[in-house]
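The values are calculated or read from the model by the stated rules, or taken from the named source; none is laboratory data. Since this is a predicted model, take the numbers as computed values, not measurements. So basically every Cβ, Gly included, is an ideal-geometry build from the backbone, and we count neighbours across all protein chains shown. For accessibility, only protein heavy atoms count, side chains too; no ligands or nucleic acids. Shrake-Rupley method; radii C 1.70, N 1.55, O 1.52, S 1.80 Å.
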Amino acid sequence: MNKIIMVDSSNRKINYLRLSITDRCNLRCMYCMPEEGIEFLPHENILSYEEMLRMVNLSVYRGIQKVRITGGEPLVRKGFTGFLKRLSEIEGLEEITLTTNGVLLKQYAEEIKKCGIHRINISLDSLKPEKFKKITGRDYFKQVWEGIQEAERLGFSPVKINVVAIRGVNDDEIEDFGRLTLEKPYHIRFIEHMPIGGSNNWNSEKFLPILEIYERLQNVGPLSPVQRRNNLDGPAQRYKIENAKGEIGLIGALSNHFCAVCNRLRLTADGHLRSCLFSENEIDVMPLLRNGAGDESILALIEKAITEKPERHNLSNYGHRSCTRHMSSIGG
Ligand code: SAM
Ligand code: SF4
């Protein structure tokens, strides 16, 4: 089979696949999933690990070099580490990363590391246990914090911490997170709260732009820019506070949209290819995967998803609710 590096119609090289392996989660973050949960997909409607491995293998033939495993919460899916091991054996895949809420990380970190995963993102929106509980609906701060420390101890590098910044919720902790990078080698990535999913508590008053976060971090110390590692690097604007061991990343999905450099394709847990987080356009690959279709037909769908990637997201054109799928089923 021929390997092709694919560019989309806007001439962007698409080399990064975000793979959501489950829509289930053990937290209920206020910006992602309502307390009562969402209507979870029945097991038979979720791609099997076998089907996901086939999709990743084929995607590599269409230029994918990096895969991020996400969810829902990936660590809650049974057999997750076995899947990771098989994924790591796919030839031509240069990098595998993982985004987790960290609740089960302490228990699985060593196995994850053994699968050759070195880079990990852990979501943590507050350094205060009570507030963590308020944001996530669960009293698991201690578990997540221990998971982060375990990842550091095992030598994951970098350990990235994702913080969704919301005015009136955790904006009082911006400097605290900044100070954490003085002591620890963590990369703290502030993410603008995105209006995604049916009811995720988004409103413009709570919206905290990255520019304001940048300014607040100056209270901790002067920030200097950090160069991008390579073209597999994400869209974060990277900075280092003077004398810090760690880094700061600012991800302004709304105020500073990075569509022009977006290299991403997504595969949802129920087998839909999405080329833009904010677009409703999806291609369902499940029927082909399940009716014995040959590789060429599936490759054609991957190519279609890539070539039809929208030039930019439409949030500003359509107001702030253009994506009705929940973040947990797309994978962020
Ligand atoms: N459960 C894992 C976790 O939370 O890390 C992985 C899936 S989660 C959907 C992936 C990322 O999306 C997390 O860092 C989460 O904070 C972020 N996220 C979810 N909903 C969001 C929203 N409405 N705006 C901004 N980021 C969001
Ligand atoms: Fe679960 Fe992650 Fe969504 Fe929080 S952001 S509810 S941890 S999937």
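Matching residues to (1) more than 21 Å from SER20 (Cα to Cα); (2) hydrophobic (A, V, I, L, M, F, W, C); (3) at pLDDT below 80; (4) assigned to a helix (DSSP H, G or I):
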| residue | (1), (2), (3), (4) |
| --- | --- |
| ALA269 | no, yes, no, no |
| CYS276 | no, yes, no, no |
| ASN281 | no, no, no, no |
| GLY292 | yes, no, no, no |
| GLU296 | yes, no, no, yes |
| LYS304 | no, no, no, yes |
| LYS309 | no, no, no, no |
| HIS320 | yes, no, yes, no |
| SER328 | no, no, yes, yes |
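Could you say which residue among TYR16, TYR31, TYR61 is hydroxyl-bearing (Ser, Thr, Tyr), out of contact with any Gly (no Cβ under 7 Å at 6 or more places or on another chain) and within 13 Å of ligand 1 (Cβ to nearest atom)? Talk me through it step by step, then tell me what you get.
On the way: TYR16 fails: within 13 Å of ligand 1 (Cβ to nearest atom); TYR61 fails: within 13 Å of ligand 1 (Cβ to nearest atom).
Just one listed residue meets the conditions, TYR31.
Candidates in region 96-108 are the residues that are assigned to a loop (DSSP other than H, G, I, E, B) and out of contact with any strand residue (DSSP E or B) (no Cβ under 6 Å at 6 or more places or on another chain); of these, the one that is nearest to ligand 2 (Cβ to nearest atom) is VAL103.
Taking ASP139 as the residue in question, decide whether it is within 16 Å of ligand 2 (Cβ to nearest atom) and in contact with a strand residue (DSSP E or B) (Cβ under 7 Å, 6 or more places away or on another chain). The answer is no for ASP139. Across region 108-124, the qualifying residues are those that are touching a residue at least 40 places away in the same chain (Cβ under 8 Å) and open to solvent by 10 Å² or more (accessible area, probe 1.4 Å), and the one among them that is nearest to ligand 1 (Cβ to nearest atom) is SER123. Looking only at residues of region 28-83 that are within 16 Å of ligand 2 (Cβ to nearest atom) and assigned to a helix (DSSP H, G or I), we find that the one that is surrounded by the most Cβ atoms within 10 Å (Cβ to Cβ) is PRO74. What pairs come out if I take residues in region 288-303 that are more than 17 Å from SER275 (Cβ to Cβ) and pair them with residues that are open to solvent by less than 20 Å² (accessible area, probe 1.4 Å) and assigned to a helix (DSSP H, G or I) whose C-beta lies under 8 Å away, six or more apart or interchain? Close Cβ pairs (under 8 Å, with a partner that is open to solvent by less than 20 Å² (accessible area, probe 1.4 Å) and assigned to a helix (DSSP H, G or I)) amount to LEU288/ILE298; LEU289/MET55; LEU289/ILE298; ASP295/LEU58. If I filter region 93-105 for residues that are more than 26 Å from PRO235 (Cα to Cα), open to solvent by 10 Å² or more (accessible area, probe 1.4 Å) and either away from ligand 1 (no atom under 16 Å from the Cβ) or in contact with a Ser or Thr (Cβ under 8 Å, 6 or more places away or on another chain) (or both), do I get at least one hit? No, there is no match, as no residue in region 93-105 is more than 26 Å from PRO235 (Cα to Cα), open to solvent by 10 Å² or more (accessible area, probe 1.4 Å) and either away from ligand 1 (no atom under 16 Å from the Cβ) or in contact with a Ser or Thr (Cβ under 8 Å, 6 or more places away or on another chain) (or both). Listed conditions (1) closer than 23 Å to ARG54 by Cα; (2) assigned to a helix (DSSP H, G or I) are all met by LEU93, apart from (2).
When we screen VAL159, VAL164 for residues that are within 14 Å of ligand 2 (Cβ to nearest atom) and under 23 Å from ILE213 (Cα atoms), the only hit is VAL164.
Consider region 59-72 and keep the residues that are over 11 Å from the mean Cα position of the chain (by Cα) and of a type outside the set (Lys, Arg). The one that is nearest to VAL7 (Cα to Cα) is GLY63. Among the residues making up region 13-27, a single one is open to solvent by 20 Å² or more (accessible area, probe 1.4 Å) and away from ligand 2 (no atom under 16 Å from the Cβ): LYS13.
Count of region 98-114 residues, restricted to those that are under 18 Å from LEU124 (Cα atoms) and charged (D, E, K, R), is 1. Note on region 116-131: residues that are within 15 Å of ligand 2 (Cβ to nearest atom), of a type outside the set (A, V, I, L, M, F, W, C) and outside any helix (DSSP H, G or I) total 4. Looking only at residues in region 247-302 that are among the β-branched types (Val, Ile, Thr) and away from ligand 2 (no atom under 16 Å from the Cβ), which one is most open to solvent (accessible area, probe 1.4 Å)? The residue in question is VAL261.
Listed by position, the strands (runs of 3 or more DSSP E) inside region 132-247 whose residues that are more than 16 Å from ligand 1 (Cβ to nearest atom) number at least 2 are 223-225, 237-241. Quick one: would you say THR136 is crowded, with 17+ Cβ neighbours inside 10 Å, modelled with pLDDT of 95 or more and under 30 Å from ILE5 (Cα atoms)? When the stated conditions are applied, THR136 does not pass them.
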